[in-house]
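Presented below is the structure to which this report refers.
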Amino acid sequence: MNVELKQQLKEMIIAELKLTNVAPDDISDDGPLFGSESALGLDSLDAVELVVLLKKKFGVEIGDQSTAMAAFASINSLADFLSRKTPST
Amino acid sequence: MSPPKREPRYGNRPGHQIFRWVIRHLGMGPAYKVLVPVIGYYVLFRPSAVRAAAPYIRRRFPRKGCFQRLWQIYRHYYQFGACLVDQAAAGILGPESLRIEFPDAEDLSRIAREGRGLVFITSHVGIWQRAISVLGFMKRTVYLHLRQDPSSESMGLAEFGDDGPRVISPDGFLGGIPELSSALAHGNIVAIMGDRGFGSATCEKAAFLGEDASFPLLPYHLALSTKSDLAVLLTSRTGPMRFRLRAVTIRMTDDWLAMDKDAARSLLLRRYVGLLEDHIGEHPYMWFNFFDFWAD
């Protein structure tokens, strides 16, 4: 799995979603990004930000619920999803 | 996060069938007349109906006595009933039987031709769902962020089939946000309720009729994040089978985009609340949120 990409994603999430008191190492690779079981406390507005950000930075569109569920299951899933959609990452 | 708000349900299938029969066989005039005893029954003998309308009526018409307030609640429900009768009639007689005046149509067409996404903020005023369906002239796909229930059919969405608005459910994972973002990214139109958040919608308090109430932030956040324009849609009933649709547009200019997003979002929310207050100031019996909107 692409370690660099996972680190980049964690840093991007912290910076762009303005998460305070969270370091990249605090974000688990296999924990969910959204939902009651997530430690990040992201809400629906953060979901908008993340969807728009992924389109802007990686050119990848998450346009339906099933894709979102698979991609946002964890940092591992998101990195895997981006690697498949953008072979250069 | 705000808990889901539930309104009491009134009427039943036989009741709806009676209205349909009256519309079909006797006409619109008798249908409105049937409303009079029906609404009277609800106001006099169903305390839950009075309790559901009272929080709004009390704030919209402060300093009124008990009987005056009951009369206002009657008028409120009568207008609601008349809107439902009109929509049922449109379903029976055809959509063209409903006259919707829309003086801002040309302005909206011009904005639509620019190809950016457009977020319509709808409210529980008039016949808001059917009003959305007249936006076909904009030649863009319209997506409604809407919890579908059996009453949606009676609100006139079903008869438009494939040409009508498409529904994005706010239920489920992320509440339809991927679909809404994608629609806007492709220059389409999304319509979101401004005066009710669904499920786990992120809300903010704003002063509304003198007291703080929670409003969802999603429409403003979506517009700011996707650089889409905003339009506040407001409808009012001007007579039997006649409605007026008003659209107040807020272009997503560089000034808005340069602002701190949280501050811009709050300002846009307050602008919407001001427009809603103005509208119900002019049409006091046209706001159909029948629950305590101000309760936490």
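For the reader, a short list of remarks on this structure follows.
- Convex hull projection area averaged over all views, the range B:170-284, Cα basis, nm²: 8.3
- Remark: mean inter-chain Cβ contacts per residue of B:216-229 equal 3, using a 10 Å Cβ-Cβ cutoff to other protein chain atoms.
- Phi-based couplings in Hz for the range B:260-277 (Karplus 6.51, -1.76, 1.60; Gly and Pro marked x): 4, 4, 5, 5, 4, 4, 5, 5, 5, 4, 5, 5, 4, 4, x, 5, 5, 4
- Net dipole in debye of the protein assembly as shown [+1 Lys, Arg Cβ; -1 Asp, Glu Cβ; about Cα centre; nearest 20]: 1920
- With the convex hull of the Cα atoms taken as the outline of the range B:229-296, the averaged projected area works out to 6.0 nm².
- Formal net charge of residues neighbouring B:E277 (Cβ-Cβ distance under 13 Å; K, R +1; D, E -1): 0
- For chain A, the carbon plus sulfur part of the accessible surface works out to 47%, probe radius 1.4 Å.
- Nearest-20 debye value, the range B:208-271 charge dipole, Cβ charges on Lys, Arg, Asp, Glu: 480
- Placing unit charges on the Cβ atoms only, positive for Lys and Arg and negative for Asp and Glu, gives chain A a dipole magnitude near 360 debye about its Cα centre.
- Cα lying deepest toward the dipole's positive end in the protein assembly as shown, options A:S36, B:L180, A:V3, charges on Cβ: B:L180
- Part-to-part distance (alpha-carbon centres) for the range B:265-285 and the range A:50-70, which is given in Å: 33
- Taking the average, over residues, of other Cβ atoms within 10 Å as the packing measure, peptides B:99-108, B:12-21 rank B:99-108, B:12-21 from highest down.
- Hydrodynamic radius of the range B:13-96 by the Kirkwood approach over all distinct alpha-carbon pairs: 13.8 Å.
- Helical content alone sets the calculated 222 nm signal of chain B at -14500 deg cm²/dmol, taking -39,500 (n - 2.57) per DSSP H segment of four or more residues and averaging over every residue.
- Principal axes of the range B:41-158: Cα extent on each, largest first, Å: 52, 33, 26
- One way to sum up the overall shape of the protein assembly as shown is the equivalent ellipsoid from its Cα gyration tensor, whose semi-axes run 41, 22, 19 Å, largest first.
- Once backbone amide H atoms are built at 1.01 Å from N, B:F120 has B:V190, B:A191, B:I192, B:A231 as its partners under 5 Å, excluding neighbours fewer than 5 places away on the same chain.
- Take every Cα pair under 8 Å whose residues are at least 6 apart in sequence, average their separation, divide by the length of chain B, and the relative contact order is 25 percent.
- Overall dimensions of chain B, expressed as equivalent-ellipsoid semi-axes from the Cα gyration tensor (√(5λ), whole Å, largest first), are 31, 24, 17.
- Degrees between helix B:47-60 axis and first principal axis of chain B (Cα, 0 to 90, nearest 10): 50
- When the alpha carbon gyration tensor of chain A is reduced to an equivalent ellipsoid, the three semi-axes, largest first, read 18, 15, 13 Å.
- Percent carbon-and-sulfur accessible area, chain B, ignoring ligands, DNA and RNA, probe 1.4 Å: 53
The values are calculated or read from the model by the stated rules, or taken from the named source; none is laboratory data. Since the model is a prediction, treat every value here as computed from it, not as a measurement. Quick reminder, even Gly has a Cβ in these numbers, built from the backbone with ideal geometry, and neighbours come from all protein chains shown. Areas reflect the complete protein model, heavy atoms only, side chains present, ligands, DNA and RNA absent. Shrake-Rupley method; radii C 1.70, N 1.55, O 1.52, S 1.80 Å.
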